[in-house]
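Structure, as structure tokens:
The values are calculated or read from the model by the stated rules, or taken from the named source; none is laboratory data. Computed from a predicted structure; not experimentally measured. Please note: Cβ atoms are built from the backbone with ideal geometry, for glycine as well, and neighbour counts cover all protein chains shown. All accessible areas refer to the heavy atoms of the entire protein, side chains included, with ligands and DNA or RNA removed. Shrake-Rupley method; radii C 1.70, N 1.55, O 1.52, S 1.80 Å.
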Amino acid sequence: MEFFKKKKITESTIQISDITGAYSYLVEGSEKAVLIDTGAGAGNLKSYVEALTDKPVKVLLTHGHCDHAGGAAPFDEVYLNEADWNLVTQHASMAMKVDYVRFCCPDIFEELTGNDFCPVRTASYKALKDGQRFELGGVTLEAIAVPGHTHGMICILNVEERTILFGDACNMSLFIWDEEATSIEEYRESLLHLKQHESRYNTVYMSHGMLSVDKKVLDGSIQVCEDILNGKADDQPFEFMGHQLKLAKAVDEQHNRLDGGLGNLVYNPEKIFKVESQVSP
């Protein structure tokens, strides 16, 4: 079975898609390489990557969900924001990976055996922090923290090529409702932090679906947050796995916003404003 497909998208970068449709990105400089995300964990991604580069590979995980961290176990050096270290133990579990692959591709799933799944990572992670840089030899990657989808969510900027991986930090229909997500108010603050870097990139890459989107999706997402905070969202009903949620902006059958705007949020109406911590006197 063909678990992965590749596509060279820039001079330094190869996009790798797994059988669930999740994207990883192999970025190679003259001295080192970095793999951004590891897919859901079906297939041997490490062997696949080793056939693409002979340079030492570090792994940067944008966040701890199983469709991004599921294939990390075989790699020696894996970075993840500390805020997602607890999350990844649950989401990169074997049960979660198997359930996710079954959900995404039920027909293919019937052909898989236990040996087709990456084992669970037992090694530790290295901390991935806002502003942290990785020099690969003529290629510099920089981490930008954007808590929202998860508390440890990170975007990766390719400084020289002026590209950025938004992934699940900001996209056309972001899920920001589960217990690992921030409030909408906190997410807006994260997007404003990301906005400070807007002049540093021209192209925005995704982790699912379309390869890239217009960078205006950031402004659109900030406006969606403000509409929610001000009670001006459309709040189209949205059900997901038994959860009754809201889609901030109404969409058509192709999931395009009816108002033509970019960016959208699936959110929990009970997690709009941040909860201030209570400090005893």
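See the values below:
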| item | result |
| --- | --- |
| Size of the chain as Cα extents on the principal axes (Å, biggest first) | 53, 50, 44 |
| Segment 128-236, Rg to Rh (Cα coordinates; Rh as Kirkwood inverse mean 1/r) | 0.98 |
| Options G131, T89, A69, ranked by Cα towards positive dipole end of segment 63-140, top entry (Cβ charges) | G131 |
| The chain: angle of helix 184-195 to the longest principal axis, Cα-based, in degrees nearest 10 | 60 degrees |
| Surface accessible to a 1.4 Å probe, H243 within the full protein complex, Å² | 80 Å² |
| Acute angle (nearest 10 degrees) that the helix 217-229 long axis makes with the longest principal axis of the chain, alpha-carbon atoms | 40 degrees |
| Rg over Rh, two decimals, segment 1-125 (C-alpha only, Kirkwood Rh) | 0.95 |
| Efficiency of FRET from Cβ geometry, N115 and R162, R₀ 30 Å, rounded to 0.05 | 0.10 |
| Heavy atoms of F240: accessible area, 1.4 Å probe, square angstrom to 10 | 50 Å² |
| Accessible-area value, D99, 1.4 Å probe, nucleic acids and ligands omitted, Å² | 80 Å² |
| Å² of accessible area per residue within the chain, as computed with a 1.4 Å probe and no ligands counted | 47 Å² |
| Relative contact order for the chain, counting Cα pairs under 8 Å that sit 6 or more residues apart, in percent | 13 percent |
| Listed pairs K97/K215; K6/K216; K8/K195; K129/K216; K5/K97 exceeding 22 Å between Cα atoms | K97/K215; K6/K216; K8/K195; K129/K216 |
| Theoretical gain in end-to-end length, R133 to S30 [0.36 nm per residue, Cα-Cα removed] | 35.5 nm |
| Derived scalar couplings ³J(HN,Hα) [segment 44-55; Karplus, 6.51 cos²θ - 1.76 cosθ + 1.60; whole Hz; x for Gly, Pro] | 9, 5, 4, 5, 5, 5, 5, 7, 9, 8, 9, 8 |
| Degrees between helix 94-104 axis and first principal axis of the chain (Cα, 0 to 90, nearest 10) | 70 degrees |
| Largest to smallest principal axis extent of the C-alpha atoms in segment 3-62, angstrom | 31, 23, 20 |
| Accessible surface of the chain, 1.4 Å probe, proportion on carbon and sulfur as whole % | 49 percent |
| Most to least accessible of D76, D259, D116 (protein chains only, probe 1.4 Å) | D76, D259, D116 |
| Förster-model FRET efficiency, 30 Å R0, R200 and K232, C-beta, rounded to 0.05 | 0.45 |
| Length gained when the stretch K215-E253 is fully extended (0.36 nm per residue, less Cα-Cα span) | 11.3 nm |
| Per-q log10 I(q)/I(0), segment 176-243, q = 0.19, 0.20 Å⁻¹ (Debye; single scatterer per alpha-carbon; no solvent) | -0.97, -1.05 |
